Structures are given as C-alpha cells and as structure tokens.
Amino acid sequence: MSLSDQFLQTDDLHPIDIVEHLAEYNQWEFDRVADDQISMAITGQWRTYTITLAWSGQDETLRMICTFEMEPPEDKKAQIHEILNAVNDKCWAGAFTYWHEQRLMVYRYGLVLSGGQEASPEQIDQIISTATTVCERYYPAFQLVAWGDKSCDEAMQVAIAEAYGRA
C-alpha cells in the first residue's frame, strides 16, 4: 500500500497534516508547533536530527530545515565554510548552512507548490528521508574538518566513499 493510500481522500489535505501522519506512522517524536508548522526528532546513526517543516500559503512553499548541534572551534570557521561549499556542490536538492549564533548545522529545502498544487505523502516522506540521508553522509566530513585536522579534500573523500558493511 502506498503512503497516499493511507490518507483520507480529500480535496484539501494540509501539508502539515500529512507530515503529522507520517510522524505518527514512523513513531517519531513530534510537536505540532502551529497549524502551519511541525517539528520532529529523528535519530540517525551519528546524531538525532531536528526536522521542522513549515507551510507558507502566501508563497505556496513547504519549507524544511534539518538541524543538528555543532560547535566547531572558532579557529576552524574558514575550514567549515570551505567544507560547506564542497558539500553543497554535491547536493542536488537542498543545501547546508551553518548558523553560528545558534551553533547549528542546517540542511534546508523548499518544495514550491504554486498554482494550487498539493504535496503527496511520498514527496514529503522523500524530503524527510533525503534530509536525514545527506546529514548522515556528510556529518563525518564536518567532524573531520572541525576536530580531526583533516583538509576539506580528505574529509570529502570519507563522505563520498562507498561503505561496505558496518562495524
């Protein structure tokens, strides 16, 4: 059964309602912050990621941010920006940024649904899945640059290497 088949067939299902159903289905911790916003905690191999989705009816965009704490040493700021640029060159959907004041690494994505389009449960599930996948993939590279004294190129080799098995 597809994700779409699990939802009531209605002409006006709010995108955040879909996210809430996905969170319940996957047993993720979540908080419906407002009618147009939901926040979830999803545990990965490296971190627990906070994923927030917000619907803006004004510009018909479903915005997603996935954050995790990261407090690199102050003297690594230039290297963090270098690795961010390298990682973003590899990301086809979404992009990373670092919020220095909050000490958060952020992966952002926006799904534009102009003209009255509606997001499907499969699309929303893919957005969430992609966010956790790319965060898991590049987390070690961010760590190696911030604390492992590795160059951006060395860190990227770790991130893009194919893994065979798991220790």
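The values are calculated or read from the model by the stated rules, or taken from the named source; none is laboratory data. None of the values given here were measured: they were computed from a predicted structure. Note that each Cβ is placed from the backbone with ideal geometry, even for glycine, and that neighbours are counted across all protein chains shown. The protein model used for the area step is the full one, side chains on, heavy atoms only, and it has no ligands, DNA or RNA in it. Shrake-Rupley method; radii C 1.70, N 1.55, O 1.52, S 1.80 Å.
Would you mind telling me which numbered condition in (1) aliphatic (A, V, I, L, M); (2) touching a helix residue (DSSP H, G or I) at 6+ places or on another chain (Cβ under 7 Å); (3) within 30 Å of Trp147 (Cα to Cα) Ile18 fails?
Ile18 satisfies every listed condition except (3).
Restrict the check to region 28-42 and report whether at least one residue is open to solvent by less than 10 Å² (accessible area, probe 1.4 Å), more than 15 Å from Tyr107 (Cα to Cα), touching a residue at least 12 places away in the same chain (Cβ under 8 Å) and not in a helix (DSSP H, G or I). Give the derivation first.
In the first step, residues of region 28-42 are kept if they are open to solvent by less than 10 Å² (accessible area, probe 1.4 Å); the result is 38, 40.
The next check asks that each one be more than 15 Å from Tyr107 (Cα to Cα); those that pass are 38.
Now drop any that are not touching a residue at least 12 places away in the same chain (Cβ under 8 Å), which leaves 38.
With not in a helix (DSSP H, G or I) added as a condition, the list becomes 38.
Within region 28-42, one or more residues are open to solvent by less than 10 Å² (accessible area, probe 1.4 Å), more than 15 Å from Tyr107 (Cα to Cα), touching a residue at least 12 places away in the same chain (Cβ under 8 Å) and not in a helix (DSSP H, G or I).
Do you know which residues across region 43-59 are surrounded by 15 or more Cβ atoms within 10 Å (Cβ to Cβ) and over 15 Å from the mean Cα position of the chain (by Cα)?
Of everything in region 43-59, just one residue is surrounded by 15 or more Cβ atoms within 10 Å (Cβ to Cβ) and over 15 Å from the mean Cα position of the chain (by Cα), namely Trp55.
Could you please find all residues in region 131-157 being open to solvent by 20 Å² or more (accessible area, probe 1.4 Å) and over 15 Å from the mean Cα position of the chain (by Cα)?
Of all residues in region 131-157, those open to solvent by 20 Å² or more (accessible area, probe 1.4 Å) come to 132-134, 136-137, 139-140, 143-144, 147-151, 153-154, 157.
Selection gives Pro140, Gln143, Leu144, Trp147, Gly148, Asp149, Lys150, Ser151, Asp153, Glu154, Gln157.
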